[in-house]
Amino acid sequence: MWDPEQIEERLDLQKLMSYYLDSRQQSVLRLRMQGYSYREIGERFGVTGPWVRCIEAKAVRKLKSGVSVTVRRANPARFLTWDYIVGG
């Protein structure tokens, strides 16, 4: 069962993704977090696996730069979802 902190982290992550990423980048990250391979995602979008990897890398870069700016402006504890994104 989810605890309230996990739910809040997920909501923060969704907000960050919807603010900084286009719909394709959001979909790629969500599918990767669910365990889909680059090839499987590529088949859904009609692109190659390496191209999906490029989309993912660009999305992560956008989120990293956005999170660093957001953390400087807001309460850093609110944006602890970055570890969730990069798996660190």
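The values are calculated or read from the model by the stated rules, or taken from the named source; none is laboratory data. Just so it is clear, the model here is predicted, and its values are computed rather than measured. Every residue, glycine as well, gets a Cβ built from its backbone with ideal geometry; the counts of neighbours run over all protein chains shown.
Being loosely packed, with under 12 Cβ neighbours inside 10 Å, modelled with pLDDT of 90 or more and not acidic (Asp, Glu) is the requirement here; does residue 18 meet it? When the stated conditions are applied, residue 18 does not pass them. Considering 71, 52, 67, the condition of being in contact with a Phe, Trp or Tyr (Cβ under 7 Å, 6 or more places away or on another chain) and at pLDDT below 55 is satisfied by 71 alone.
Inspection of region 24-42 identifies no residue that is among the β-branched types (Val, Ile, Thr), modelled with pLDDT under 90 and more than 12 Å from the chain's Cα centre (by Cα).
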